[in-house]
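Provided herewith is a single structure, encoded as structure tokens, for subsequent inquiry.
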Amino acid sequence: MTAVTFANKARFKAQFDPNNQEFSLSGTLRPQSVDEIAPSLALFRDSIDRVSGVLYVNVRRLGQMNNTAFHAFARVMLDASRVRPDLRFIVVTSSVVGWTTEKFGRLSLIEPAIKVEEYDANFYPFQSILEESRFFPVLRTQTKMTWRHERNILPRHGLKENMAVADICCGIGDFAALVYKDFKPSRLVALDHSRPSLAYARQVAADFDLHGIEYVYGDAAELLLEDNQFDFVTCRHALQVFPRPQMILKELFRICKPGGRVYLTNEKVSHCVGEPRGESIKWTYEQAAKVWAHFDMDIECGPKSRRYMVDCGFENIKMETFMVSNLDGDPQDFADIVQAWENAFVGQMSTHRGDTQEFMDRFRRGFQDHIFAALHPRGYAGWPIWVASGTKPQ
């Protein structure tokens, strides 16, 4: 890995990864003259000379770029394309930094050897299900039920007042709002890749007169946040919906301060339980895990969290589990959550997978049996959640 850092307060970085044949630009690139970025341009030319086939140009984390810089890098690509018929450029952009797709896309109209790919266009396979506004009240109910446990768990994992906190994959923002009210962070950034969810979060914050939360649109795998900023970083129920969870975890590690902690929650849905009708419930949640796996999501990853954190370099890793159940307040709340799962897992995911009607009828029956157990006067229904946290080494 070769890197060149722009001199203006290290706000910009150029890197070349020969293993992946990837040249990357990140930060804020606004030089007054081309001379200011001469070392980065030299690295770009050297990267081109060292590869054949495809050179990936990663601008997913390039927050700003003025025309002086754009034209300088564009000229290098155009010139190389015309003298190197063996070489293709793939510029990898992100919808989070929307201008990059449009700006670099102009080059593909000039030179066929330059293509632009929006990295996250289809990266969250079924995220759109949970972005639908009709699910927002159910998501709030889930947080209400988990908060009864997490309010006491979070301090055991290091959260205390006056910390700089980031909630990555914040969803509709209800967890961030509860952290803000109960733990009074000195700074709280809540980031998500869903614009509808963030719009809802901002509205709730306004309704509740919460003015200290910074809501940010962003990609958890390519955070536009600087290194070593936060004392405590949370990421709840997110690794399980991401095809490559290690990519998110590396970003959480990067933005966490040395000595700070990253806090995760994830599930193992096949361990959901209920009685009566336990066998039907067990079968359905085992199938739910397989349906998620079909879409490259791992809703069984809760117990894997420790391994992920060890592999990422965290220390002092803590793990525990808690069971959300129909005994946590109103049993109807639990039933409402399961009904939403049925709508998503059977009504959309299983249908999209092309399952038979016979399978879907049995699949649906297990969710209905879980609701029956939750509402039965002598019944029990449970949803287990794994908690993991680790310290970034000093």
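The values are calculated or read from the model by the stated rules, or taken from the named source; none is laboratory data. These numbers come from a predicted model, not from an experiment. Note that each Cβ is placed from the backbone with ideal geometry, even for glycine, and that neighbours are counted across all protein chains shown. Side chains included, ligands, DNA and RNA excluded: accessible areas come from the protein's heavy atoms. Shrake-Rupley method; radii C 1.70, N 1.55, O 1.52, S 1.80 Å.
Pick out the one residue from Ala38, Ala113, Ala42 that is surrounded by 18 or more Cβ atoms within 10 Å (Cβ to Cβ), out of contact with any Asp or Glu (no Cβ under 8 Å at 6 or more places or on another chain) and over 26 Å from Leu223 (Cβ atoms).
Of the residues listed, the single one that is surrounded by 18 or more Cβ atoms within 10 Å (Cβ to Cβ), out of contact with any Asp or Glu (no Cβ under 8 Å at 6 or more places or on another chain) and over 26 Å from Leu223 (Cβ atoms) is Ala113.
Would you mind finding the one in Gly313, Gly329 that is modelled with pLDDT of 95 or more and either open to solvent by 10 Å² or more (accessible area, probe 1.4 Å) or not acidic (Asp, Glu) (or both)?
Gly313
Answer yes or no: is there a residue in the stretch 145-157 that is closer than 22 Å to Asn316 by Cβ, touching a residue at least 40 places away in the same chain (Cβ under 8 Å), open to solvent by less than 30 Å² (accessible area, probe 1.4 Å) and not in a helix (DSSP H, G or I).
yes
Determine if the stretch 294-309 includes at least one residue that is loosely packed, with under 14 Cβ neighbours inside 10 Å and part of a loop (DSSP other than H, G, I, E, B).
Checked the stretch 294-309: no residue is loosely packed, with under 14 Cβ neighbours inside 10 Å and part of a loop (DSSP other than H, G, I, E, B).
Take the residues in the stretch 212-249 that are among the acidic types (Asp, Glu) and either free of Cβ contacts under 8 Å to residues at least 40 places away in the same chain or farther than 21 Å from Gly158 by Cβ (or both), then tell me which one is least open to solvent (accessible area, probe 1.4 Å).
Asp219
Determine if the stretch 361-368 includes at least one residue that is open to solvent by 50 Å² or more (accessible area, probe 1.4 Å), of a type in the set (S, T, N, Q) and either modelled with pLDDT of 95 or more or not in a helix (DSSP H, G or I) (or both).
Yes, the conditions are met somewhere in the stretch 361-368.
If I filter the stretch 49-73 down to residues being under 15 Å from Ala14 (Cα atoms) and among the small types (Gly, Ala, Ser), which single residue comes out as least open to solvent (accessible area, probe 1.4 Å)?
The qualifying residue least open to solvent (accessible area, probe 1.4 Å) is Ala69.
Additional query: Which one of the conditions (1) part of a helix (DSSP H, G or I); (2) farther than 22 Å from Asn266 by Cβ does Gly329 fail to meet, given that it meets all the rest?
(1)
Whether any residue in the stretch 120-134 is in contact with a strand residue (DSSP E or B) (Cβ under 7 Å, 6 or more places away or on another chain), surrounded by fewer than 21 Cβ atoms within 10 Å (Cβ to Cβ), at pLDDT below 95 and not aromatic (Phe, Trp, Tyr) is what I want to check.
Checking the stretch 120-134: at least one residue is in contact with a strand residue (DSSP E or B) (Cβ under 7 Å, 6 or more places away or on another chain), surrounded by fewer than 21 Cβ atoms within 10 Å (Cβ to Cβ), at pLDDT below 95 and not aromatic (Phe, Trp, Tyr).
Further, regarding this structure: Restricting to the stretch 35-72, and then to whatever is more than 29 Å from the chain's Cα centre (by Cα) and not in a helix (DSSP H, G or I), can you tell me which residue is farthest from Val91 (Cα to Cα)?
Arg50
Taking Leu198 as the residue in question, decide whether it is over 19 Å from Arg307 (Cβ atoms), part of a helix (DSSP H, G or I) and open to solvent by less than 10 Å² (accessible area, probe 1.4 Å).
Against the criterion (over 19 Å from Arg307 (Cβ atoms), part of a helix (DSSP H, G or I) and open to solvent by less than 10 Å² (accessible area, probe 1.4 Å)), Leu198 qualifies.
Further question on the same structure: Looking at the stretch 272-289, which of its residues are assigned to a helix (DSSP H, G or I), in contact with a Ser or Thr (Cβ under 9 Å, 6 or more places away or on another chain) and not hydroxyl-bearing (Ser, Thr, Tyr)?
Within the stretch 272-289, Lys282, Glu286, Gln287, Ala288, Ala289 qualify.
Further question: Quick one: in the stretch 135-152, which of the residues that are modelled with pLDDT under 85 and either in contact with a Ser or Thr (Cβ under 7 Å, 6 or more places away or on another chain) or among the aliphatic types (A, V, I, L, M) (or both) is farthest from Asp192 (Cα to Cα)?
Looking at residues that are modelled with pLDDT under 85 and either in contact with a Ser or Thr (Cβ under 7 Å, 6 or more places away or on another chain) or among the aliphatic types (A, V, I, L, M) (or both), I get Val138.
Out of the residues in the stretch 82-102 that are farther than 20 Å from Asp17 by Cα and open to solvent by less than 20 Å² (accessible area, probe 1.4 Å), which is farthest from the chain's Cα centre (by Cα)?
Selected residue: Thr100.
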